[in-house]
Amino acid sequence: MIVHGKAPFDFRWSNQATALTSAAGDRNLEMTLLPGTNNTEGMYLKPAMLWSVSENSEHKEEAVRFIDFFTNNIEVYKIGGSDRGVPIKEDIRNQMADDLSETDKKVFDYIELVTENSSPIDSNFPPESSEVLAALEEVDELVMYGELSPEEGATQFREKATAILNR
């Protein structure tokens, strides 16, 4: 809805800005903190990618070297821009600064703003979260396409989420 100019705002992760901006065409999309009180602690930074190496891996050393390459090499970020998130290393961010697209500049500025106005990230979601989020997405589509009213969607989502979490 946001890319068609039919919604005043949308909640998305910053690494989705390039895709949204591209889809929006000539519409100018901006990023900002959520409104409300206590904004200096209301946001949190979430990594776009979470990396790990299995304890049972037969190739731990190679996997660690790959993660190191993928997260600490400027060439990777020159190819991907902010699609996989803003680099955590300041040195890489600084090296990229002159070559960023307008959208990536907005993303980098937004991440800096959130960094200055955030709390630590909450712990991981509970194991059932993927099912709850899938139920939300399913109901959200039904509401967006007019098959359910927002009130019916809220009721249906609550029922589904409660059933999942009560198992």
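Out of Glu41, Glu58, I need the residue that is over 19 Å from the mean Cα position of the chain (by Cα) and open to solvent by 50 Å² or more (accessible area, probe 1.4 Å). Which one?
Only one candidate passes the filter, namely Glu58.
Just to be sure before I move on: is Leu148 farther than 25 Å from Met31 by Cα, open to solvent by less than 60 Å² (accessible area, probe 1.4 Å) and not in a helix (DSSP H, G or I) in the structure I sent?
It is true that Leu148 is farther than 25 Å from Met31 by Cα, open to solvent by less than 60 Å² (accessible area, probe 1.4 Å) and not in a helix (DSSP H, G or I).
Basic (Lys, Arg), over 25 Å from Phe70 (Cα atoms) and surrounded by 12 or more Cβ atoms within 10 Å (Cβ to Cβ): is that true of Lys160 in this structure?
For Lys160, the condition - basic (Lys, Arg), over 25 Å from Phe70 (Cα atoms) and surrounded by 12 or more Cβ atoms within 10 Å (Cβ to Cβ) - is met.
Restricting the search to the range 125-145, which residues are assigned to a loop (DSSP other than H, G, I, E, B) and over 28 Å from Met31 (Cβ atoms)?
Pro126, Pro127, Glu128
Could you check Asp122 against (1) part of a loop (DSSP other than H, G, I, E, B); (2) open to solvent by less than 40 Å² (accessible area, probe 1.4 Å) and say which number it fails?
(2)
Please verify whether the range 127-134 includes one or more residues that are open to solvent by less than 40 Å² (accessible area, probe 1.4 Å), within 24 Å of the chain's Cα centre (by Cα) and within 30 Å of His4 (Cβ to Cβ).
yes
A quick yes/no check of all residues on (1) surrounded by 13 or more Cβ atoms within 10 Å (Cβ to Cβ); (2) touching a Leu at 6+ places or on another chain (Cβ under 8 Å):
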| position | (1), (2) |
| --- | --- |
| Ser52 | no, no |
| Arg65 | no, no |
| Asp98 | no, no |
| Asp104 | yes, no |
| Val139 | yes, yes |
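Among the listed residues Ser57, Ser82, which satisfies the condition of being modelled with pLDDT of 90 or more and assigned to a loop (DSSP other than H, G, I, E, B)?
Ser57
Check Phe11 against each of (1) touching a residue at least 12 places away in the same chain (Cβ under 8 Å); (2) surrounded by fewer than 13 Cβ atoms within 10 Å (Cβ to Cβ); (3) among the aromatic types (Phe, Trp, Tyr) and name the one condition it does not meet.
Among (1) touching a residue at least 12 places away in the same chain (Cβ under 8 Å); (2) surrounded by fewer than 13 Cβ atoms within 10 Å (Cβ to Cβ); (3) among the aromatic types (Phe, Trp, Tyr), Phe11 violates only (1).
The values are calculated or read from the model by the stated rules, or taken from the named source; none is laboratory data. Since the model is a prediction, treat every value here as computed from it, not as a measurement. Cβ coordinates were reconstructed from backbone atoms using ideal geometry, including for glycine residues, and neighbour counts include every protein chain displayed. These area figures cover heavy atoms from the full protein model, side chains too; ligands, DNA and RNA do not enter into them. Shrake-Rupley method; radii C 1.70, N 1.55, O 1.52, S 1.80 Å.
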